[in-house]
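One structure below.
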Number of protein chains: 2
Amino acid sequence: MEKKITIAIDAMGGDNSPNKTIEGLSIFLKKNIQKKDFFINLYGDKNKIEPELNKFSISKEFIKVVHSDSEVSDDETPLTAVKNSKNTSMWNCIHSQKEGDADISLSAGNTGVLLVISRMILKMMSQLSKPALAGLWPNRNGMNVVLDLGANIECNDDNLVEFAELGSALYKSLYPHDKPLVSLLNVGSEEIKGTEILKKAYRKLNDLSDENNFIFKGYIEGNKIMDGDTNVIVTDGFTGNVALKTAEGTAKFITDNLKKSLTSNILTKISLIFSYFALKKFKNKLDPRKYNGAIFLGLNGPVVKSHGGTDAIGFYHSINLCYKIVKGNLLDQIRNNLDHLDNEKQ
Amino acid sequence: MEKKITIAIDAMGGDNSPNKTIEGLSIFLKKNIQKKDFFINLYGDKNKIEPELNKFSISKEFIKVVHSDSEVSDDETPLTAVKNSKNTSMWNCIHSQKEGDADISLSAGNTGVLLVISRMILKMMSQLSKPALAGLWPNRNGMNVVLDLGANIECNDDNLVEFAELGSALYKSLYPHDKPLVSLLNVGSEEIKGTEILKKAYRKLNDLSDENNFIFKGYIEGNKIMDGDTNVIVTDGFTGNVALKTAEGTAKFITDNLKKSLTSNILTKISLIFSYFALKKFKNKLDPRKYNGAIFLGLNGPVVKSHGGTDAIGFYHSINLCYKIVKGNLLDQIRNNLDHLDNEKQ
């Protein structure tokens, strides 16, 4: 029989938790209960978690609650976290992975603290110089993996090459039937464009490009990210963070304006009757909750960060992402890719 | 009597020119003819321009055509431009500004070449270390000035401070009744976030902030650019270029999906009858042609770059931008701001 996947969840992180996290879990269980190939460990305050489990009628067949007295506060900074976060629900959640009790961890709590304690507890893979935060970003044909989204605000060419290996490993674990097509984010598509760091990374990625690992497609500009001609987009954490947030802000600005326009008078309200299902489909396709979950890559175990402000549906998508990542053997994919990188260097 | 504003236009640059540029001019003339405070010099092939002037019934009262045999090709690179672009319509257009024959230049031609020859002919203002490319970006309450958009892919803290002075001068020339509120684009809003360069620029901008010049509002994240709490956004050319193009790509992705959804079946098509005017207003508000025109700042004379692929309406908006910039005394505003910077340094 196949080994069960164990997901460790910090039930206390993010707004409106553990209500949100447990409701998200109940959605995941409903959709996946027939699979019977997973187990969930919930970390947090038993006295708050148990009533929520009852509320959503969650049986204990696939879950276990591990009590923690404290939780990481939103005000905590990465600098104070190490001292203050020991034995919090987040800490215990990540630590269980080190002990071999889980394959992956998930939290909607404080991002800075999560990155710091994950790195401290799980340690970086020995071949790597920096870990990276990767996210999913919709495109015309499906989904991009974009990294780094802010774990490293300054990167050299070797970091970018490592991100390409990490990102394509993640892509292969999520979409085993697709080939990872890697692009480097830049201000133009011509070879002469960009910083010296980008030009060096370009040459190295060109040398590494092969059918077994990833195909390097060259530079990509910001306006082409969603065109679907590529599916792993590599950049430093500063640029990636600004690009992702700018896209979020633009999407919000447009949909807010659209909403205002379509409810501005009685005629437009009538129009909504006729376009209701089409607009619902439109909204569904662009629903940011479906892409909820940034993946911290490069440690001896994957950690997923859910958006703190998401709701139960968003949190469900993060649990599902964890399940798919482990099912797709992310860690093996990363090891394979890093071996490929090592062989190339020799 | 007030001195007339003279705008030098490269009639040959961009797709479908001079048809587009002359049609854009005809729209500008129709809307502004009663003002009688401007004059337009058109640079390009007389034999192609004259028939277009006739087609749009443009009288010669406010315009003059200056013949050029050649034009800058789209394939030209900044490296070869200096040798090959002499006496092209673009060159002659910019050069007329140096001779005192125009207050501002406008071209929809090759961006790289325009930046190189503008800088060569007009020279940088002596107090500055780098020129910058600024653009307009809509927000909830009106318009942002964002710079740099790609003239300088690597910048230090002094460059960013200069961009803040240039950008707020531009903002004051365009919106004389508003106060420029300057923000620095970063990956977080807390003071500890970002690169050392950003932290140094933050401290310098904080010291420079005053009621007469600009108010410094601190860091801004990508998702807040369109919130309208600030109106001058400062960043290096790499980040600015990626952010702007990512916003364009996101807007296109969303509106393409919306269009597809709203024309997917007979019911949604009926809905369009009821929402037609509201959606037209929505489209109008977000129409990128209204923000067409990037402003090259820091030279001894402003140069405006229209998008090469825009149409006559987009080009009209660029001409209008030129008119407003000169009317708002951009060069004086810049000189004032740079004096303020010099005084602070002493």
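The values are calculated or read from the model by the stated rules, or taken from the named source; none is laboratory data. Being a predicted model, the structure only gives us computed values, none of them experimental. Please note: Cβ atoms are built from the backbone with ideal geometry, for glycine as well, and neighbour counts cover all protein chains shown.
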Subject >> Any hit, segment B:88-106, residues being assigned by TED's automatic domain parsing to the domain that holds B:Gly314, modelled with pLDDT under 90 and not small (Gly, Ala, Ser) >> reply: no
Original post:
So B:Trp137 clears everything in (1) farther than 20 Å from B:Asn292 by Cβ; (2) part of a strand (DSSP E or B) except one condition, right? Which one?
Top reply: (1)
**OP:** Would you tally the residues in segment B:206-227 being touching a Phe, Trp or Tyr at 6+ places or on another chain (Cβ under 8 Å) and within 14 Å of chain A (Cβ to nearest Cβ)?
**Re:** 3
**OP:** Read through the list (1) within 13 Å of chain B (Cβ to nearest Cβ); (2) touching a helix residue (DSSP H, G or I) at 6+ places or on another chain (Cβ under 8 Å), then give the number of the only condition that A:Asn156 fails.
**Re:** (1)
**OP:** Counting only residues that are charged (D, E, K, R) and in contact with a helix residue (DSSP H, G or I) (Cβ under 7 Å, 6 or more places away or on another chain), give me the strands (runs of 3 or more DSSP E) lying completely in segment A:1-96 with at least 2 of them.
**Re:** none
Original post:
Can you spot a residue in segment A:173-180 that is within 13 Å of another protein chain (Cβ to nearest Cβ), out of contact with any Cys (no Cβ under 6 Å at 6 or more places or on another chain) and among the hydroxyl-bearing types (Ser, Thr, Tyr)?
Top reply: no
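Just give me the residues in segment A:118-139 being touching a residue at least 60 places away in the same chain (Cβ under 8 Å) and of a type in the set (A, V, I, L, M), in sequence order.
Applying the first criterion (touching a residue at least 60 places away in the same chain (Cβ under 8 Å)) to segment A:118-139 yields A:118-119, A:122-125, A:127-128, A:130-139.
Scanning segment A:118-139 gives A:Leu122, A:Met124, A:Met125, A:Leu128, A:Ala132, A:Leu133, A:Ala134, A:Leu136.
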**OP:** Scan segment A:66-91 for residues that are surrounded by 20 or more Cβ atoms within 10 Å (Cβ to Cβ), polar (S, T, N, Q) and closer than 11 Å to A:Val113 by Cβ and report the count.
**Re:** 2
**OP:** Return the total of residues in segment A:41-97 being at positive phi and free of Cβ contacts under 8 Å to residues at least 24 places away in the same chain.
**Re:** 1
Original post:
Out of (1) facing chain B (nearest Cβ under 7 Å); (2) at pLDDT 90 or above; (3) farther than 29 Å from B:Glu154 by Cβ, what's the single condition that is false for A:Val304?
Top reply: (1)
Original post:
Listed residues B:Lys281, B:Lys252, B:Lys245, B:Lys285; which is under 30 Å from B:Lys200 (Cβ atoms), of a type in the set (Lys, Arg), outside the structural domain of B:Ser118 (by TED's automatic domain parsing) and within 24 Å of the chain's Cα centre (by Cα)?
Top reply: B:Lys245
Original post:
Does any residue in segment B:228-254 that is more than 11 Å from A:Ala247 (Cα to Cα) and more than 7 Å from every other protein chain (Cβ to nearest Cβ) come within less than 7 Å, Cβ to Cβ, of a residue that is of a type in the set (Phe, Trp, Tyr) and outside any loop (DSSP other than H, G, I, E, B) six or more places away or on a different chain, and which pairs are these?
Top reply: B:Asn231/B:Tyr171; B:Val232/B:Tyr171; B:Val232/B:Phe214; B:Val234/B:Phe163
Subject >> Filter pass, A:Phe282 being of a type in the set (A, V, I, L, M, F, W, C) and closer than 30 Å to A:Ala8 by Cβ >> reply: no
**OP:** Check off (1) polar (S, T, N, Q); (2) in contact with a Ser or Thr (Cβ under 7 Å, 6 or more places away or on another chain); (3) in contact (Cβ under 8 Å) with a residue 24 or more places away in the chain for A:Asn186 and give me the number that stays unchecked.
**Re:** (2)
Subject >> Positions within segment A:151-186 being assigned to a loop (DSSP other than H, G, I, E, B), out of contact with any strand residue (DSSP E or B) (no Cβ under 8 Å at 6 or more places or on another chain) and surrounded by 22 or more Cβ atoms within 10 Å (Cβ to Cβ), in sequence order >> reply: A:Cys155
**OP:** Could you check how many residues of segment A:170-182 are in contact with an Asp or Glu (Cβ under 8 Å, 6 or more places away or on another chain) and farther than 19 Å from A:Ala294 by Cβ?
**Re:** 2
Original post:
When you go through (1) within 9 Å of chain B (Cβ to nearest Cβ); (2) closer than 16 Å to A:Asn186 by Cβ; (3) surrounded by fewer than 20 Cβ atoms within 10 Å (Cβ to Cβ) one by one for A:Arg203, which number turns out not to apply?
Top reply: (1)
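Considering every residue within segment A:92-100, establish whether at least one is under 20 Å from A:Leu174 (Cβ atoms) and either more than 19 Å from the chain's Cα centre (by Cα) or surrounded by 21 or more Cβ atoms within 10 Å (Cβ to Cβ) (or both).
yes
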Subject >> Number of positions in segment B:189-206 that are at pLDDT 90 or above and either outside the structural domain of B:Gly237 (by TED's automatic domain parsing) or touching a strand residue (DSSP E or B) at 6+ places or on another chain (Cβ under 9 Å) (or both) >> reply: 6
Original post:
Where residues in segment B:1-30 are closer than 20 Å to B:Lys48 by Cα and of a type in the set (D, E, K, R), which of them is surrounded by the most Cβ atoms within 10 Å (Cβ to Cβ)?
Top reply: B:Asp10
**OP:** Among the residues of segment B:302-315, write down those that are crowded, with 22+ Cβ neighbours inside 10 Å and over 13 Å from the mean Cα position of the chain (by Cα).
**Re:** B:Thr310
Subject >> Matching entry among A:Ile33, A:Ile63, A:Ile49 (being more than 20 Å from A:Leu114 (Cα to Cα) and crowded, with 20+ Cβ neighbours inside 10 Å) >> reply: A:Ile49
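Kindly evaluate B:Ile58 against the criterion of being among the hydrophobic types (A, V, I, L, M, F, W, C), out of contact with any strand residue (DSSP E or B) (no Cβ under 6 Å at 6 or more places or on another chain) and either closer than 22 Å to B:Asp45 by Cα or not assigned by TED's automatic domain parsing to the domain that holds B:Gly24 (or both).
Yes; evaluated as a whole, the condition is true for this residue.
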